[in-house]
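Worksheet: one structure, shown below.
The values are calculated or read from the model by the stated rules, or taken from the named source; none is laboratory data. Fair warning: this is a prediction, and the values are worked out from it, not measured in the lab. Neighbour counts are summed over all protein chains in view; Cβ atoms, including those assigned to glycine, are modelled from backbone coordinates with ideal geometry.
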Amino acid sequence: MSRIGKKPVSVPDGVTATVNGQTVSAKGPKGELRFVVNDEVLVKLEDGKIDVSPRDQSKLARSKWGMSRTQISNILSGVKEGFEKRLEINGVGYRAAMQGKNLQLALGFSHDVVYEVPEGITVQVPKPTEIVVSGIDKQQVGQVAAEIRKYRGPEPYKGKGVKYAEERIVRKEGKKK
């Protein structure tokens, strides 16, 4: 039994949610998102709450149940407040800057890395060593942050590279004499 799937998702104030067959749509102050629920899961909208339940007790239906509830919860909170990921850049000469709609990263390569920001995502650089990725789709925000981090991930000896703000890097000891 899914503990997460049992809880109904309450629709926050300022957000209108509609369930049309297997499609859940949410419209709020930040924008509009929709999610198509798997056929193994039933979705009902009743008095401001979206109830998710498996169609039967098969393993496949139960495995899709909790994930569907979480996706619906994410689109509701995304159109209401949005999501953001913070990245930090550590290293001498490592920096970031916005160049029009593109993110320009100096990460110790012979050339600057230019990352094209996808539609629906906003990237801000408050400081040259800090990047803020924000948007209404949680999956897309995480994907963009992961792609930026992938250019130069944090290394374990000096901690140089791009890391998430809340990430803790396990440091290794260097060579001994």
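A few notes on this one:
- The residue list Lys101, Lys59 contains one member that is outside the structural domain of Ile131 (by TED's automatic domain parsing) and either in contact with a His (Cβ under 8 Å, 6 or more places away or on another chain) or surrounded by fewer than 15 Cβ atoms within 10 Å (Cβ to Cβ) (or both), which is Lys59.
- All of Leu87, Leu45 fail the test of being assigned by TED's automatic domain parsing to the domain that holds Gln139, within 28 Å of Gly120 (Cβ to Cβ) and surrounded by 14 or more Cβ atoms within 10 Å (Cβ to Cβ), apart from Leu87.
- Residues of segment 1-27 satisfying the condition of being farther than 20 Å from Arg62 by Cα, among the aliphatic types (A, V, I, L, M) and under 22 Å from the mean Cα position of the chain (by Cα): Val11, Val15, Ala17, Ala26
- For segment 19-31, a residue qualifies if it is surrounded by 13 or more Cβ atoms within 10 Å (Cβ to Cβ) and in contact (Cβ under 8 Å) with a residue 12 or more places away in the chain, and the qualifying residues are Val19, Gln22, Val24, Ala26, Lys27, Gly28, Lys30, Gly31.
- Residues of segment 117-131 that turn out to be touching a residue at least 24 places away in the same chain (Cβ under 8 Å) and more than 30 Å from Leu33 (Cα to Cα), as a count: 2
To keep it simple, each residue is scored yes or no on (1) free of Cβ contacts under 8 Å to residues at least 60 places away in the same chain; (2) exposed (fewer than 13 other Cβ atoms within 10 Å of the Cβ); (3) assigned to a loop (DSSP other than H, G, I, E, B); (4) among the aliphatic types (A, V, I, L, M).
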site: Phe109; (1), (2), (3), (4): yes, yes, yes, no
site: Tyr115; (1), (2), (3), (4): yes, no, no, no
site: Gln140; (1), (2), (3), (4): yes, no, no, no
site: Val144; (1), (2), (3), (4): yes, no, no, yes
site: Glu147; (1), (2), (3), (4): yes, yes, no, no
site: Val162; (1), (2), (3), (4): no, no, no, yes
site: Glu166; (1), (2), (3), (4): no, yes, yes, no
site: Val170; (1), (2), (3), (4): yes, yes, yes, yes
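- From Ile72, Ile50, Ile4, residue being in contact (Cβ under 8 Å) with a residue 40 or more places away in the chain, surrounded by fewer than 19 Cβ atoms within 10 Å (Cβ to Cβ) and of a type in the set (A, V, I, L, M): Ile4
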